[in-house]
Amino acid sequence: MSQIGPGSPARSPERLLLMEDIVKSFSGVRVLDSVRFELLAGEVHVLAGENGAGKSTLIKILSGAYSDYQGTIRLGERTVNFRSPQEALANGISVIYQEISLVGPMSVADNIFLGRETVRAAGWLAPKVQQQEARRLLEELGLEVDVTRPVEEYPVSVQQMVEIVKALSYDSQIIVMDEPTSSLTEPEVERLFAIIGVLKQRGCGIIYISHKMEEIYRIADRITVLRDGRYVGTRAAAELPQAELIRWMVGREISQQFPRRDFSGGPVILKVEHLTVPGGKGAAHPLVDDVSFEVRAGEILGLAGLQGSGNSDLLNGLFGTFGATVRGSVSLEGRPFEVRSPAHSIDRSLALLTNDRKANGMVPQMSISHNLTLASLEKFSALGWIESAKEIQAGRNRMESLRIKAASLFQEVGTLSGGNQQKVILGKWLETGPRVLFLDEPTRGVDVAVKHEIYELMNQWTAAGCAILLITSEMPELLAMADRILVMYRGRVSAELDRRQATQEKILQAAMGETSVRQT
Amino acid sequence: MNGQISPGPENSKLARLFRSPTVRALLSLLVVVLLGLVFNAEGAFFKWGTHRDMLRQVSVFGILACGMTLVIITSGIDLSVGSVLGLTAVLFSLFSIHLGWWPWLTVVACFAAGAACGAASGALIARFNIQPFIATLAMMVFARGLAKFVSGGQKISTAVMQPDGTYQYVEVPRIFDLLNARILGENLTVVTLIMLVCVAGCYLVLAKLRWGRYFYAVGGNEEAARLSGVPVAAVKVLAYGLSGFFCALAGICQAAQELQGDPEAGMAYELTAIAIVVIGGTSLRGGRGTIWLTLLGTMTIGYLEKILSINAVGEASRLMLTGMIIIVAVLFQKRES
Amino acid sequence: MKKLAGLPALAVLSALSVAALGCSSKEKASQQEEGPRWTIGMSQCNLGEPWRVQMNADIRKAAEAHPELRVVFKDAQNDNLRQRSHVEEYVRTGVDLIIISPKEAAPLTQPVADAYGRGIPVIVLDRRVLGDRYTCFIGADNKRIGRAAGRWIAERLGGSGRVVELKGLMTSTPGQDRHSGFVGGIRGSQVEVIFEADMKWLEPNARQEMESALARFEDIDLVYAHNDPGAHGAYLAAKAAGREQEIIFVGIDGLPQEGQIYVKQGLLEASFEYPTGGKEAVETALEILSGQEVPREITLSSRVFTTANVEQGGEWLEQ
């Protein structure tokens, strides 16, 4: 990682991009108001702000997805107004979105050159040439990948690299990364940062969007903050302390990033013995391999592990996502519990907040109200007939207690910001009255203020006697919130750490397979 | 969107109104009705009878579209509706005319047959993960074959073949006249009434019943619904089963209006039913839509056919005009993203 | 578990197919016992229409009287290419004679000519093929029937009246011929066609078109439909409007279970027979197989069934 002095980028102070007085409205609602953003060659410029602050909108304007806005965009000395993403791309602006936008069944090489395939004179494709070029580009970033295999066979991290290579193959000067690390493991993040270093040296400017403080301070040269669609300010990262940054983002002081937690022990509520979740066809080892543990009422048990460690599969397996394929014995509140199906688990007061709210957390077309009651609808519909008044009352209470920000209870969930979507899903599970909550990345893609609210809610629920199994890829969050931490590696528990013993280093060691740290 | 942002001046009420799918569906209907006012065929369009007959003509399609709406909301499609209509029309005529069964028993038997066809498609889709398009395509072919098998390829009419090969004419059972009649001072046909009852029934299912809510959840995000404890497989079987039930109802109405069961009845009706749902504005992607939109779509198609018919427009022009109107209506419905 | 779940379905399916196939082979077996001398291959273009079902039934009935004949039936389901392969299959399996009611002339001319060239006699029924590479054509003349209907209608209306014409598919030859024949038949009279519409041979469509005609015209004397279901649909529309007494309904086809019954019931006043030629085809086939000369073209004569004569079996139209 190149160390770059605070304030100004070390080399080439050439200005790549200047956006000034950008105003954008959606059907009359102003979502961006006089926003300014500047990008120099060779810098990583972090664009920060809560969800709904207007970061995505700004990026979409820059990348040509929205062409009706007010204000000026200058690339170098030229004033531009892109009518389409293709036009922006042709002008050297590439965006790597949170969601991978590759064509899964197509090969790596074909994906990189999609839309401008190398062709011979007669119009025939030239796959060999294309593959060679793809291999060369990947090697420049230190990646060795079989470029003829379908891209969907690779982990998300590699897919992301492919996206970056695709951007580079356009000779892009400006590369936008929208939360690129949200689905990466620690070593993968390191690799990404190394690549960013390479890109900086080439003189590219990188616009980086992230919610992770740690990450922001590691790579940012400068930080620009947006709040509620307005420009708050730009400052060199070294001159903007974390507390100040948070104040800029939320507009108020958050004294402490994590609330205090007290756990003094309670009765065992969930006991798991020799749990095994079989892997798919041809898998080398089970997803979860002979895992035993217990959780007490009021306790938060953290499940650490890198991607593919099986921690997420453990929660899904227990919850019945994979059906009755799970082996082992489980007892819940002293009674034996048979893993059957999600419906059965919900009946027995389990709840699972999955780590991908778009794929399997919410029904985006349904209203807040309908999402909130989806898992507990029987409560509101004796004999099958929904009692609307009761449902709406419950929805209003939940919206208030979780501080969900929306125009009304009947707004479609798909139109909410990420943090509010997450709150709706949490609300859905609370409505079922769970005794054990499985939370898989509850703060992923959620802004700072909402994160804090979620931490406080977790404390409230445990205080009320709930047990929580928590997975989070943010180490500080895990260390602050979990009372005990199980570290998993290849489907097995490689360490169990008490709150006081746990450190970032120990967790990482165990997560990378060093069993010597096992402690009890 | 954030609560602190105040609406700008251009967010007029009109613009917001125009975004509502109901208003857009009404607009399509309005355009077609305006066509009728202009091309009124020497005043024929202004007669009440024309509108009543339009409603009668389109009722069978409307009933099919009710079931189709349910299925499409679950993010599926039912291509078998026309064939199942043909099958139940044959069964209804066979049981009531030729075998002389007690009429209401016949009706129940037809409902059971229709619902069984639908539920079978649903089970294939839910249990064996066959794509709805394929499963219902298979059912479409199978049900048509069954209809031909049961009827021996002949229309089941009031002409009954005697053992000596001659034909004997029998009276139609009273239930045919009952269904083919008009009520409320001759102002509403019974089949139209049945369609309206179907629409109202679907409204109750979709808006008031837990299972209706599950249709939307499964169509919107099947995996999220499953993880929320929604019995996804049962929901699908129910949706297709209900579609089959509506097919049976439509088949009975068709037979009652023709006074016979034609094994070829309902050919290509599935396309009209899908067109109705889509013109109404229900997205084929599932998770969205209401039955009122389908009712508006039914009226739009009905008026379109009626206007073309009273003006005696030739077949070729009819097809072209219908295609164009469908595109215009769907363009109306397209949301700007 | 998932794999096994398919087994019962498979078992049911195989049981069903065995049953279905078993039925048909049994049929064949019973026919074989009688020791037929000749096998006739019959290729029907589409069994979706009752009239064609009737044609097959007529052939079957006529053949049953001759134990020396065995007839194999194939249904092309309205598909030219499928019918083509049926003809080729007959040639390959070596039938003694082919009867074909082709879907369309052009695509089936070649396969028919090929069969004929290999020395297999071919009887072309109802619709024509191009050229002269076939043994015999048997068919009725739609134009003539249309003309007869026109004349009958002009006479019935006393030389003048307002008529609604519900046409079959105007892109089909029978539809065109029944129309042009009719126009020729009423020429010279004061009969006026006030409304004409395509009803695609379908009863529900005929009903809809008739409703439109009723809405537009207060005064309609007669409905001429290109087939009996069309006339019946029109009758139902008029009945619903309470105007069935003032209108005369005339159809074409005159099938025993359709048009003839409608006439007997008094719904239609006349139905003009469009003979299937099934019986004539079998008779001609026998003549060919026993080595007799047959004419190249046989035009079938047809009957008209009216309220007055239907009980007596109709009346032959003059040639």
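The values are calculated or read from the model by the stated rules, or taken from the named source; none is laboratory data. Please read all numbers here as calculations on a predicted model, not as lab measurements. All Cβ positions, glycine included, derive from the backbone under ideal geometry; neighbour counts span all protein chains shown.
So for the range B:276-294 (the condition being touching a Pro at 6+ places or on another chain (Cβ under 9 Å) and part of a helix (DSSP H, G or I)), does at least one residue qualify? Yes, there is a match, as at least one residue in the range B:276-294 is touching a Pro at 6+ places or on another chain (Cβ under 9 Å) and part of a helix (DSSP H, G or I). In the set (1) in contact (Cβ under 8 Å) with a residue 60 or more places away in the chain; (2) out of contact with any Gly (no Cβ under 6 Å at 6 or more places or on another chain), B:GLY287 fails one condition alone, (2). Of all residues in the range B:158-175 being β-branched (Val, Ile, Thr) and at the interface with chain C (Cβ under 8 Å from one of its Cβ atoms), which is nearest to the chain's Cα centre (by Cα)? The qualifying residue nearest to the chain's Cα centre (by Cα) is B:THR158. None of C:GLY259, C:GLY233 is closer than 27 Å to C:ILE59 by Cα, modelled with pLDDT under 95 and among the small types (Gly, Ala, Ser) except C:GLY259. Contact map, the range C:279-293: first residue buried (at least 16 other Cβ atoms within 10 Å of the Cβ) and at pLDDT 90 or above, second residue polar (S, T, N, Q) and outside any helix (DSSP H, G or I), Cβ cut-off under 8 Å, separation 6 or more or different chains; pairs are C:ILE288/C:THR135.
Here B:LEU79 clears all of (1) out of contact with any Lys or Arg (no Cβ under 9 Å at 6 or more places or on another chain); (2) without any contact (Cβ under 8 Å) to a residue 40 or more places away in the chain except the condition numbered (2). Among the residues of the range B:79-120, those that are touching a Pro at 6+ places or on another chain (Cβ under 7 Å) and either surrounded by 20 or more Cβ atoms within 10 Å (Cβ to Cβ) or basic (Lys, Arg) (or both) comprise B:GLY86, B:VAL90, B:SER96, B:ILE97. Could you list, in sequence order, the residues of the range A:384-398 that are within 9 Å of another protein chain (Cβ to nearest Cβ) and part of a helix (DSSP H, G or I)? Correct list: A:GLY384, A:SER388. Within the range A:1-23, the set of residues being at pLDDT 70 or above and within 20 Å of A:HIS45 (Cβ to Cβ) comprises A:GLU14, A:ARG15, A:LEU16, A:LEU17, A:LEU18, A:MET19, A:GLU20, A:ASP21, A:ILE22.
Against the test of being at negative phi and within 10 Å of chain C (Cβ to nearest Cβ), the options B:LEU178, B:LEU124 yield a single qualifying residue, B:LEU124.
Looking at the range B:24-40, is at least one residue at the interface with another protein chain (Cβ under 10 Å from one of its Cβ atoms), under 27 Å from B:ILE291 (Cβ atoms) and at pLDDT below 85? Within the range B:24-40 (the criterion being at the interface with another protein chain (Cβ under 10 Å from one of its Cβ atoms), under 27 Å from B:ILE291 (Cβ atoms) and at pLDDT below 85), the answer is no, since none of the residues qualifies. The residues on offer are B:GLU270, B:GLU264, and the sole one that is within 30 Å of C:MET210 (Cβ to Cβ) and outside any helix (DSSP H, G or I) is B:GLU264.
Of all residue pairs spaced 6 or more apart or on separate chains, none has beta-carbon atoms under 7 Å together with a first member in the range B:198-219 that is more than 11 Å from chain A (Cβ to nearest Cβ) and a second member that is surrounded by fewer than 18 Cβ atoms within 10 Å (Cβ to Cβ) and outside any helix (DSSP H, G or I). Of all residues in the range B:121-151, those that are farther than 18 Å from B:ILE72 by Cβ and crowded, with 21+ Cβ neighbours inside 10 Å total 4. Only one of the listed residues (A:SER331, A:SER369) is among the small types (Gly, Ala, Ser) and farther than 19 Å from B:LEU206 by Cβ. That residue is A:SER331.
Every residue, every condition in (1) touching a residue at least 60 places away in the same chain (Cβ under 8 Å); (2) touching a Phe, Trp or Tyr at 6+ places or on another chain (Cβ under 8 Å); (3) surrounded by fewer than 23 Cβ atoms within 10 Å (Cβ to Cβ); (4) more than 8 Å from chain B (Cβ to nearest Cβ), yes or no:
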residue: A:GLY323; (1), (2), (3), (4): no, no, yes, yes
residue: A:SER329; (1), (2), (3), (4): no, no, yes, yes
residue: A:PRO336; (1), (2), (3), (4): no, no, yes, yes
residue: A:ARG340; (1), (2), (3), (4): no, no, yes, yes
residue: A:ALA351; (1), (2), (3), (4): yes, yes, no, yes
residue: A:ALA359; (1), (2), (3), (4): no, no, yes, no
residue: A:HIS370; (1), (2), (3), (4): no, yes, no, no
residue: A:ALA375; (1), (2), (3), (4): no, yes, no, no
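The criterion of being crowded, with 19+ Cβ neighbours inside 10 Å, outside any helix (DSSP H, G or I) and at the interface with chain B (Cβ under 10 Å from one of its Cβ atoms) does not hold for A:ALA407.
Within the range A:470-514, the set of residues being under 22 Å from the mean Cα position of the chain (by Cα), outside any helix (DSSP H, G or I) and among the aliphatic types (A, V, I, L, M) comprises A:LEU470, A:ILE471, A:ALA482, A:ILE485, A:LEU486, A:VAL487, A:MET488, A:MET512.
Among the conditions (1) crowded, with 19+ Cβ neighbours inside 10 Å; (2) β-branched (Val, Ile, Thr); (3) free of Cβ contacts under 8 Å to residues at least 60 places away in the same chain, A:VAL198 misses just one, which is (1).
Of all the criteria given as (1) assigned to a helix (DSSP H, G or I); (2) aliphatic (A, V, I, L, M); (3) under 24 Å from C:HIS232 (Cα atoms), the one not satisfied by B:ALA312 is (1). Among the residues of the range C:33-55, write down those that are within 14 Å of chain B (Cβ to nearest Cβ), touching a strand residue (DSSP E or B) at 6+ places or on another chain (Cβ under 6 Å) and modelled with pLDDT of 90 or more. Once the filter is applied, which keeps residues that are within 14 Å of chain B (Cβ to nearest Cβ), touching a strand residue (DSSP E or B) at 6+ places or on another chain (Cβ under 6 Å) and modelled with pLDDT of 90 or more, the range C:33-55 yields only C:GLN44.
Of the residues in the range B:246-265, not one is within 27 Å of A:LYS358 (Cα to Cα), away from chain A (no Cβ under 14 Å) and surrounded by fewer than 24 Cβ atoms within 10 Å (Cβ to Cβ).
When B:VAL232, B:VAL277, B:VAL237 are checked against the criterion of being buried (at least 24 other Cβ atoms within 10 Å of the Cβ) and either of a type in the set (Val, Ile, Thr) or within 14 Å of chain A (Cβ to nearest Cβ) (or both), B:VAL277 stands alone in meeting it.
Can you tell me how many residues in the range A:329-373 are charged (D, E, K, R) and assigned to a loop (DSSP other than H, G, I, E, B)?
Here the count works out to 5.
A quick yes/no check of all residues on (1) surrounded by fewer than 18 Cβ atoms within 10 Å (Cβ to Cβ); (2) out of contact with any His (no Cβ under 8 Å at 6 or more places or on another chain); (3) assigned by TED's automatic domain parsing to the domain that holds C:PRO50:
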{"position": "C:LEU157", "(1), (2), (3)": "no, yes, no"}
{"position": "C:PHE182", "(1), (2), (3)": "no, yes, no"}
{"position": "C:ASP198", "(1), (2), (3)": "no, yes, no"}
{"position": "C:TRP201", "(1), (2), (3)": "no, no, no"}
{"position": "C:ASN205", "(1), (2), (3)": "no, yes, no"}
{"position": "C:TYR224", "(1), (2), (3)": "no, yes, no"}
{"position": "C:GLY242", "(1), (2), (3)": "yes, yes, no"}
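Within the range A:416-435, the residues that satisfy the criterion of being under 14 Å from A:ARG357 (Cβ atoms) and in a helix (DSSP H, G or I) are A:GLY418, A:GLY419, A:ASN420, A:GLN421, A:GLN422, A:LYS423, A:VAL424, A:ILE425, A:LEU426, A:GLY427, A:LYS428, A:TRP429.
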